[in-house]
Each structure stands twice: as C-alpha cells, then as structure tokens.
1. What number of residues within region 139-166 satisfy the criterion of being exposed (fewer than 13 other Cβ atoms within 10 Å of the Cβ) and either modelled with pLDDT of 90 or more or of a type in the set (D, E, K, R) (or both)?
2. Taking the conditions exactly as written (in a loop (DSSP other than H, G, I, E, B) and touching a residue at least 12 places away in the same chain (Cβ under 8 Å)), does Glu92 satisfy them or not?
3. Scan region 73-93 for residues that are aliphatic (A, V, I, L, M) and surrounded by fewer than 20 Cβ atoms within 10 Å (Cβ to Cβ) and report the count.
4. Of the residues Gly158, Gly142, which is out of contact with any strand residue (DSSP E or B) (no Cβ under 9 Å at 6 or more places or on another chain), part of a loop (DSSP other than H, G, I, E, B) and not basic (Lys, Arg)?
5. Residue by residue through region 95-108, note down the ones that are outside any helix (DSSP H, G or I) and surrounded by fewer than 17 Cβ atoms within 10 Å (Cβ to Cβ).
6. All but one of (1) in a strand (DSSP E or B); (2) among the β-branched types (Val, Ile, Thr); (3) without any contact (Cβ under 8 Å) to a residue 40 or more places away in the chain hold for Val65; state the number of the condition that does not hold.
7. If you scan region 167-193, which residues turn out to be surrounded by 13 or more Cβ atoms within 10 Å (Cβ to Cβ) and either without any contact (Cβ under 8 Å) to a residue 12 or more places away in the chain or among the hydroxyl-bearing types (Ser, Thr, Tyr) (or both)?
8. I'd like to verify a number: residues in region 68-78 that are in a strand (DSSP E or B) and either aliphatic (A, V, I, L, M) or modelled with pLDDT under 95 (or both), how many?
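The values are calculated or read from the model by the stated rules, or taken from the named source; none is laboratory data. Values in this document were obtained by computation on a predicted structure and should not be read as measured data. Here the Cβ positions follow ideal geometry from the backbone for every residue, glycine too, while neighbour counts run over all protein chains shown.
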Amino acid sequence: MTGTGHPVQWCRSNPRPRQELPCPIVTPPVIRPIEPRDLEAILAINEANTPEVGSVDAERMRFIVDESPIALAVEVDDTIAGFCLVLRGDSEYDSVNYRWFTERYEDFMYLDRVAFAASHRGRGLGTLLYEEVDSVMAELGGVGLLALEVNVDPPNEGSLRFHERLGFVEVGQQDTDGGKKTVSLLAMPLGEA
C-alpha cells in the first residue's frame, strides 16, 4: 500500500537500476468468459501479436471462440487486456498444429491462442490466466493434458521461457506456412500450471 492507501504493483521496467517504481493498480484484473461484445477487442489484440499468434479475420475469430469451451478475457480497468482460447481434442478446428496433437493424443485440450495488449505484458496476467485455464479444465474433467505450440522460427523467446517456467515440455516440432515457420509443440499434464 502507498501512503494514499492505494495498492501498488512494482514495475519491472525501470530507468534506474535497483530502484523499484510503484505502479498503482486501480482495480484487480477480472478473468471472465469472452462475450460477443469482446470480439472486436480480442481481434485487435490478436492482430497486434502476429506473428506470435496467427492472423485471423473476424469470421475466423468468431468460429474459434465458438469452438472453444474455454474462451477467456482478461479485463483490467474495464478494458480487455488479453484473452485465450482453448479447444477440446474433438473440435472441427482445422489448424495444422491442432491436428498434429489430434493425431497423437486423445485426452487433451489445445490452447490455440493467448495474447495480451502490449501495455499489459509483463504484469503477471499470463500466469493468472493459465491458472484459470487449469482450474476450468479440472472442472470440465476428463482431460489430462494441455497442449499448444510456440514459434521457434521466427523465435518467440519470451513465450518459450514462460511455458518452460510453467512446466510445459516439448513433444515435437514441425514446419508450417510452407516452411516459413517452425513451431515447438508443447504439452503439460493437467494440474501443473
């Protein structure tokens, strides 16, 4: 707490080494199901995060959201800060990376995309979101594995480090987009996020 009684979060970006700068938290983040009114905001966040996540149009985004039993938005101060979409292993989704997992695993869910607005990265929201995904997967039952992919070429080093920290392990790699991309296919047993 500051002297004014407001909770503070210590900023990671700091122009002066060894001095932490307080960043006021106006309200705690809210993780909630994606609603139709959120589609424009999550599409904008998605497109701002390419090539780390695949580019999609509004119709494709709506399809993925509709196919996702776990479709969560992270809201900070009444603004969508990020989102994630998680599909069951029996979806009609046609992603080449999703299909890689369906050919090898039965008991899994696939985190198709997770993205945050640049202004909300590095604030611990991703960890909170993954904890919520883990909790919802446990409630749904019958699922033992969370699967996803991360670009290794072009590299997405931050995401690779994040997922390694959470306990994801590489179970394969594949080239996509006609060899323009290589992805690391990652998996983690339920209950370890």
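1. To start, the set of residues in region 139-166 that are exposed (fewer than 13 other Cβ atoms within 10 Å of the Cβ) comprises 139, 141-142, 154, 157, 161, 165.
With either modelled with pLDDT of 90 or more or of a type in the set (D, E, K, R) (or both) added as a condition, the list becomes 139, 157, 161, 165.
So the count comes out to 4.
2. The answer is yes for Glu92.
3. Initial filter on region 73-93 (aliphatic (A, V, I, L, M)): 73-74, 76, 80-81, 85-87.
Now restrict to residues that are surrounded by fewer than 20 Cβ atoms within 10 Å (Cβ to Cβ): none.
The total comes to 0.
4. Values: Gly158 fails: part of a loop (DSSP other than H, G, I, E, B).
After applying the criteria, what remains is Gly142.
5. Step one: list which residues in region 95-108 are outside any helix (DSSP H, G or I), which gives 95, 103-108.
Within region 95-108, Glu103, Arg104, Tyr105, Glu106, Asp107 meet the criteria.
6. That leaves (1) as the condition not met.
7. Matches in region 167-193: Thr176, Thr182, Ser184.
8. Here is the first cut: in region 68-78, the residues in a strand (DSSP E or B) are 70-76.
When the remaining residues are screened for being either aliphatic (A, V, I, L, M) or modelled with pLDDT under 95 (or both), the result is 70-74, 76.
Going through region 68-78 one residue at a time, the tally reaches 6.
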